[in-house]
Amino acid sequence: MKFGDIIIAAASLIVIVILIYYPLTLVLTPALGNYAGYELSAFISFPLSAIIVGYIFTQNIWEENRTKTIAKIAVLFTLLALSLILVENASMEWTPMIREEYMKANPTANPSTSDWYYIERLAILSEDFILVVFMFALSFIGLYIGSTLKKPAKT
């Protein structure tokens, strides 16, 4: 699979994720609440989108080593999605939520200003780590399943 095809597959994956994720979030959030609706929408849309893209790009995926090609697409998709996560981290005010959660877990703590910096950074980094691992894993699994649903045409 050429690098240009990998870029198109990863870009297609992002577009399809958005086309599934947003409407699904609109449906699930009122029923399940903000956090549960948002998280379940992501958990459904990432693998479902990857299955669709794997199905669409079956022929290209099977041209070479299938798992290596799927890994390339999943890595590029994860990097592109990570860039969106980093923009979100930079544009959101996380401090009140992180401090509230930390003080709920540690009611007698009295961190200094520099301690708060590291506590907040660690909270954001741990969230980013979990998101990257799940995005890569769910997209890899979805692409693999999608590429097995349709047998490639003989060349």
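Values in this text are rule-based calculations from the coordinates and carry no lab data. Given the structure is predicted, the values throughout are model-derived calculations rather than measurements. A quick note on method: Cβ atoms are made from the backbone with ideal geometry, for glycine too, and the neighbour counts reach across all protein chains shown.
Among (1) more than 28 Å from PHE140 (Cβ to Cβ); (2) in a helix (DSSP H, G or I); (3) not hydrophobic (A, V, I, L, M, F, W, C), which single condition is THR108 missing?
(2)
Does segment 101-155 hold any residues that are acidic (Asp, Glu) and in contact (Cβ under 8 Å) with a residue 40 or more places away in the chain, and which are they?
Listed by number, the list holds a single entry, ASP128.
Please go through segment 1-31 and give me each residue that is more than 20 Å from ILE145 (Cα to Cα) and either touching a Phe, Trp or Tyr at 6+ places or on another chain (Cβ under 9 Å) or charged (D, E, K, R) (or both), ordered by number.
Matches in segment 1-31: LYS2, THR25, LEU28, THR29.
Can you find a residue in segment 68-78 that is part of a helix (DSSP H, G or I), hydrophobic (A, V, I, L, M, F, W, C) and without any contact (Cβ under 8 Å) to a residue 12 or more places away in the chain?
no
Condition first: surrounded by 13 or more Cβ atoms within 10 Å (Cβ to Cβ) and over 25 Å from the mean Cα position of the chain (by Cα). Now tell me which residues in segment 61-98 satisfy that.
If the condition is that a residue be surrounded by 13 or more Cβ atoms within 10 Å (Cβ to Cβ) and over 25 Å from the mean Cα position of the chain (by Cα), then GLU63 is the only one that fits.
Taking into account only those residues within segment 30-54 that are in contact with a Ser or Thr (Cβ under 7 Å, 6 or more places away or on another chain) and within 16 Å of LEU143 (Cα to Cα), which is surrounded by the fewest Cβ atoms within 10 Å (Cβ to Cβ)?
The residue in question is PHE46.
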